[in-house]
Amino acid sequence: MKISVIGTGYVGLVTGTCLAETGNEVLCIDIDAKKVKQMQDGKVPIYEPHLDVLFERNIEANRLKFSTSLAEGLEHGEIIFLALPTPEGGDGSADLSFVLGVAKEIGNQLNEYKVIVDKSTVPVGTSDKVKATIANETDVEFDVVSNPEFLREGFAVDDFLKPERIVIGSSSERATNLMKKLYKPFVRSGNPILIMDERSAELTKYAANSFLAAKITFMNEIANFCEKVGADVDMVRIGMGTDSRIGKRFLFPGIGYGGSCFPKDVKALHKSGQEHHHDFEILSSVIKVNSKQKTILIPKILSKYNNEIEGKTFAIWGLAFKPETDDIREAPALYMIDELLKHGAKVNVFDPEAMPNVKRKYGDQLQYADNMYDTVTGVDALIICTEWSIFRTPNFTKLKANMNAPMIFDGRNLYDISDVENEGFNYVSIGRKSI
C-alpha cells in the first residue's frame, strides 16, 4: 500500500518507518526542510531504540522517503496519516491549529478519494472538525478515521510492531477495510483490532493515559504517606501488585511523571470536561499532586543543609523524563534544576541521551559531564532523577571517592537501602524506611 505520513516527530517517524518495514511504500512529509534533508541523508533526528536499524533498512530498500511537499504526499498516499503536534494551550486544552491547518490544505488540494487518519492525540470531536474543515474546501469524497497511537517512548518500535491492540474509529466501511488491510501484518498473533466510532476512539487514548497517570500519582501519594507513618512503600507496592485486579505495573513511586503525553493529555481531558460541564475531580487532584511531586526531594535537600544550599554543588543523574529517550518535555529533572538554581546552588548534570536538549535550554547555567562519574567530582550530593540502566549498579567506592560527601537523594528508588548505607552513604529515597 502507498502511505503518506504528515509530521515526523516521535509518532510520525515511528509510524512511517514501521509501516515501511511491512512492505508499504511510505512518504513522510515535514515542513522543516533541514530535518527532511537530514532524514534523506539517512540520519535519524530523534533517539528511539531500534529505530535507526529499521530507518536505514527501509531507506535503502526505497520504501521510506521524505519530502517537504504536502501536495506530493497527497498524490502518493491512499491513506494519509496526520501525526502533527497538539501542544498544550494556555488554558490546558489541546491546540489543534496544526491539525486543522493541514486539514484545510488537504481540502484545497484533494482531487481523489483518500482516507485521512488522525494519529495525533486529540480531544473528542476532533475527527468531526477535521472532516468539516476538509469538506469546506472540496467536493471530493474522503473519509476521516481516528487511530490513536499507544507508543511508549523508549519502546515505540516494539509497541508499533507488536501492538497489544489497535483502535480504529471509523463510520465508513470503505475506510475501515483499508485500515484493517494496512494493520493485518501487525496482528498475526491474534491481538485485536478494535473498531468503534470516532469519538470513542479519541476518548480511549485520553482515558488510558489519564488512568495510568492517576495510578502513578496514587502510588506517589501512598509513598509520601509511608514516610509519615513509618511504612515502607516497597512492601506496600508488592502487596498491592500481587492483586490481579491491580497489577504490578505503574506502582513504582518517584518524583512524578513527565513527557509529551501524560501531562498534556491529563490536562486536555480535564479541560474538555470543563467545556462539557463535567468536573473531572480526580484529574484535578492528579494534576495538583504530580506538580508537587516533581520537586518532592527539594524540602528533603533543604532540610539536610539547614535550608542553606547557596554555593553548594549537586550532581544530577538523568535528565530525560524516562529512560531510553532523549525527550525532556516536562521532565522532573528540569523542575529540580530550576529549584536548585533558584536557591543559588551549582548543578552538574549527566544523561546518556538528553544532554544536547538540556544544553539548548540551560546553556552555561549548568556544568555538563562526559560520564556519570565525572558528574559527581567535587559535589556535595548526588540526585537521581531518571532510572537509566547504567545508574543501577554504580561503583560506589569510586563514587564516594569522587564526591565531597557521600550523600545520595534518589528520586527513583534505584538502590537497596541497606546496600547503599553499608557502602557508607547517607541515602534518602521516596517512601522507604532506612535500616
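The values are calculated or read from the model by the stated rules, or taken from the named source; none is laboratory data. Predicted model, so just to flag it, every value in this text is computed and none were measured. Don't worry about glycine lacking a Cβ; one is built from the backbone with ideal geometry, like all the others, and counts go over all protein chains shown. These area figures cover heavy atoms from the full protein model, side chains too; ligands, DNA and RNA do not enter into them. Shrake-Rupley method; radii C 1.70, N 1.55, O 1.52, S 1.80 Å.
What the table below lists for this structure:
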{"read-out": "Some residue of region 127-146 being among the basic types (Lys, Arg), at pLDDT 95 or above and part of a loop (DSSP other than H, G, I, E, B)", "value": "no"}
{"read-out": "Any hit, region 39-52, residues being over 25 Å from residue 266 (Cβ atoms), part of a helix (DSSP H, G or I) and within 20 Å of the chain's Cα centre (by Cα)", "value": "yes"}
{"read-out": "Hey, residue 17 out of contact with any Ser or Thr (no Cβ under 9 Å at 6 or more places or on another chain), part of a helix (DSSP H, G or I) and either open to solvent by less than 10 Å² (accessible area, probe 1.4 Å) or without any contact (Cβ under 8 Å) to a residue 24 or more places away in the chain (or both) or not", "value": "yes"}
{"read-out": "Residues that are part of a helix (DSSP H, G or I) and either modelled with pLDDT under 95 or closer than 22 Å to residue 125 by Cα (or both), drawn from region 158-177", "value": "173, 174, 175, 176"}
{"read-out": "Pairs where the first residue, in region 154-166, is within 10 Å of residue 14 (Cβ to Cβ) and the second is of a type in the set (Ser, Thr, Tyr) and surrounded by fewer than 17 Cβ atoms within 10 Å (Cβ to Cβ), C-beta under 9 Å, 6+ apart", "value": "161/22"}
{"read-out": "Region 290-305, residues that are surrounded by 20 or more Cβ atoms within 10 Å (Cβ to Cβ) and within 19 Å of the chain's Cα centre (by Cα)", "value": "290, 293, 294"}
{"read-out": "Which listed residue, of 347, 379, 420, 358, is within 29 Å of residue 237 (Cβ to Cβ), open to solvent by less than 50 Å² (accessible area, probe 1.4 Å) and either free of Cβ contacts under 8 Å to residues at least 40 places away in the same chain or of a type in the set (Val, Ile, Thr) (or both)", "value": "420"}
{"read-out": "Residues located in region 77-94, provided they are over 19 Å from residue 150 (Cα atoms), open to solvent by less than 50 Å² (accessible area, probe 1.4 Å), of a type outside the set (Ser, Thr, Tyr) and not in a strand (DSSP E or B)", "value": "77, 89, 92"}
{"read-out": "Number of the exception - residue 390 against (1) without any contact (Cβ under 8 Å) to a residue 40 or more places away in the chain; (2) among the aliphatic types (A, V, I, L, M); (3) surrounded by 17 or more Cβ atoms within 10 Å (Cβ to Cβ); (4) touching a helix residue (DSSP H, G or I) at 6+ places or on another chain (Cβ under 8 Å)", "value": "(3)"}
{"read-out": "The listed residue being in contact (Cβ under 8 Å) with a residue 40 or more places away in the chain, within 25 Å of residue 228 (Cα to Cα) and open to solvent by 60 Å² or more (accessible area, probe 1.4 Å), out of 255, 282", "value": "282"}
{"read-out": "From the options 244, 272, 260, residue that is in contact with a Phe, Trp or Tyr (Cβ under 9 Å, 6 or more places away or on another chain) and outside any helix (DSSP H, G or I)", "value": "260"}
{"read-out": "Test: residue in region 155-166 that is touching a Leu at 6+ places or on another chain (Cβ under 7 Å), open to solvent by 60 Å² or more (accessible area, probe 1.4 Å) and not aromatic (Phe, Trp, Tyr)", "value": "yes"}
{"read-out": "Odd one out for residue 401, checked against (1) part of a loop (DSSP other than H, G, I, E, B); (2) open to solvent by 10 Å² or more (accessible area, probe 1.4 Å)", "value": "(1)"}
{"read-out": "Scan of region 175-198 for residues that are in contact (Cβ under 8 Å) with a residue 60 or more places away in the chain and either crowded, with 17+ Cβ neighbours inside 10 Å or in contact with a strand residue (DSSP E or B) (Cβ under 6 Å, 6 or more places away or on another chain) (or both), ordered by number", "value": "175, 178, 179, 182, 186, 198"}
{"read-out": "Selection from region 203-244 of residues that are within 30 Å of residue 120 (Cα to Cα), open to solvent by 20 Å² or more (accessible area, probe 1.4 Å) and among the basic types (Lys, Arg)", "value": "215"}
{"read-out": "Selected residue (only one of 4, 97 is buried (at least 19 other Cβ atoms within 10 Å of the Cβ) and either over 25 Å from residue 179 (Cβ atoms) or in contact (Cβ under 8 Å) with a residue 60 or more places away in the chain (or both))", "value": "4"}
